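Colleague: Provided herewith is a single structure, encoded as structure tokens, for subsequent inquiry.
Just so it is clear, none of the values below were taken in a lab; they were calculated from the coordinates. These numbers were taken from a predicted model, which means no experiment stands behind them. Cβ coordinates were reconstructed from backbone atoms using ideal geometry, including for glycine residues, and neighbour counts include every protein chain displayed.
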Amino acid sequence: MIESVELYEILKKEKAELLEKLEQLRALGQPSAERKEGSPYGKREEGADEASELEKRLVLVQRLEESLNEVEHALQKYEAGTYGFCDSCGQPIEQGRLEAIPQASLCLRCKAQQAKETKGAR
Ligand SMILES: [Zn+2]
């Protein structure tokens, strides 16, 4: 059984790694600054490869930012003394789940419920 302080260390390390990756990606260029919506040069054929590279990078940055948000949220919960408890129902999150995903903020049941609702909304 992993102590929550160990998970806290894992989360802190995870956060540092995510920040580093984001910095590297951002150093490659400023996707948001380069992206001109509705620009007069907005023809799809031109620079399509470049655009898709940019898209991929944007998606990656977005994913990293989402992960970073989750990790930061978990760290905040740790500091608030609510780490390991479900955001939704307040019940303790399964230990095995926390070991697999230290940044998990929902218990399995609420997570499943959320997935169901998201699916239904589409
Ligand atoms: Zn729950």
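Colleague: Which of the residues spanning segment 66-95 are more than 11 Å from the ligand (Cβ to nearest atom) and either among the polar types (S, T, N, Q) or under 12 Å from residue 7 (Cβ atoms) (or both)? Reasoning before the result, please.
Modeller: Here is the first cut: in segment 66-95, the ones more than 11 Å from the ligand (Cβ to nearest atom) are 66-84, 95.
Hits for segment 66-95 are 67, 69, 71, 74, 75, 76, 77, 78, 82, 83, 84, 95.
Colleague: Which count do you get for residues in segment 94-122 that are touching a helix residue (DSSP H, G or I) at 6+ places or on another chain (Cβ under 8 Å) and not basic (Lys, Arg)?
Modeller: Of the residues in segment 94-122, 10 are touching a helix residue (DSSP H, G or I) at 6+ places or on another chain (Cβ under 8 Å) and not basic (Lys, Arg).
Colleague: Another question, if that's okay. If you take the residues in segment 101-122 that are closer than 19 Å to residue 72 by Cβ and more than 10 Å from the ligand (Cβ to nearest atom), which one is surrounded by the fewest Cβ atoms within 10 Å (Cβ to Cβ)?
Modeller: 101
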